[in-house]
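The block underneath contains the structure these notes are about, expressed in structure tokens.
The values are calculated or read from the model by the stated rules, or taken from the named source; none is laboratory data. Worth saying up front: this structure is predicted, and the values here are computed from it rather than measured. Please note: Cβ atoms are built from the backbone with ideal geometry, for glycine as well, and neighbour counts cover all protein chains shown.
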Amino acid sequence: MSRNSETRGNDSGRSEQQIQHREEKIRQYLEAARREVSELGVKGPAMEILRPIKCLIFDVDGTLTDGHLNYTDRGEEFKSFWVNDGLAMKIASRMGFQIALVTGRVTDIVQRRAEDIGATIVRQGIWDKGVEVESITADLGLDRSEILFMGDDIIDIPGMMKAGVGVAVANAAREVLAVADIITRASGGAGAAREIIELVFQAQGSSLFDAFIELK
């Protein structure tokens, strides 16, 4: 039995002292998580522009994945996604944020991933992401300042420029880094989406952990 499975049972067989000890450990974890987020290095004006955000738009390849294109012997494509990114996106979706995926390529995998994470808007085969961001903004009846776009390559720059907040992953193309309002510490497909969602929650006076507890 794994360590995690040992700690997830109900409290019926636990003493009051054991329950209090577990609750104290949870509180300690929460405080540590909050400190970690507060140390991400995004403060002042950068946090101010995250306060209005209601919709998070993500590129896929190189942003939610590491950018590698993998094929089987039969020519079938497969992608690898960071599980922590997915959990953060699912929590954000359940807390009322609009999650959108906008990608230049077309694969069934993207639709499947969207369903897994609660992304209600999926636009594939998109060359001009700036036009698409404008379309999504209008469809949702939102202001530009309420839109965040995250990408990694030059095809994402128009989308970033049309959003209120443009975010680049750490290993983005230099042109993308140059126009970004925020650059994550994490690389694409390795926690960058999780990082920016944490920052959005922090800017709006909450945290992913708080949201997770609330959803329980």
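Odds and ends about this structure:
- Condition met for A100 (among the aliphatic types (A, V, I, L, M), exposed (fewer than 15 other Cβ atoms within 10 Å of the Cβ) and modelled with pLDDT of 90 or more): no
- Within segment 201-210, the set of residues being more than 14 Å from the chain's Cα centre (by Cα) and small (G, A, S) comprises A203, G205, S206.
- Qualifying residue in segment 112-120 (condition: of a type in the set (V, I, T) and farther than 20 Å from N84 by Cα): no
- Looking only at residues in segment 156-171 that are touching a residue at least 60 places away in the same chain (Cβ under 8 Å) and closer than 18 Å to L50 by Cβ, the one that is surrounded by the most Cβ atoms within 10 Å (Cβ to Cβ) is V169.
- Some residue of segment 151-163 being more than 18 Å from D61 (Cβ to Cβ) and in contact with a strand residue (DSSP E or B) (Cβ under 8 Å, 6 or more places away or on another chain): yes
- All positions within segment 172-186 that are buried (at least 19 other Cβ atoms within 10 Å of the Cβ) and in contact with an Asp or Glu (Cβ under 8 Å, 6 or more places away or on another chain): A172, V176, T184, A186
- Every residue from segment 93-127 that is in a helix (DSSP H, G or I) and free of Cβ contacts under 8 Å to residues at least 40 places away in the same chain: S93, D108, I109, Q111, R112, A114, E115, D116, I117
- Only listed residue being among the aliphatic types (A, V, I, L, M), modelled with pLDDT of 95 or more and under 22 Å from D153 (Cβ atoms), chosen from I121, I136: I136
- The single condition among (1) exposed (fewer than 15 other Cβ atoms within 10 Å of the Cβ); (2) more than 17 Å from D61 (Cα to Cα) that R112 does not satisfy is (2).
- Considering A170, A180, the condition of being hydrophobic (A, V, I, L, M, F, W, C) and within 16 Å of the chain's Cα centre (by Cα) is satisfied by A170 alone.
- Exclusive hit being in a loop (DSSP other than H, G, I, E, B) and more than 19 Å from P52 (Cα to Cα), set G130, G205, G189: G189
- Contact map, segment 51-62: residues that are over 15 Å from R113 (Cα atoms) and part of a strand (DSSP E or B) paired with residues that are modelled with pLDDT of 95 or more and of a type in the set (S, T, N, Q), Cβ distance under 9 Å, separation 6+ or inter-chain. Pairs shown: C55/Q98; C55/T137; L56/Q98.
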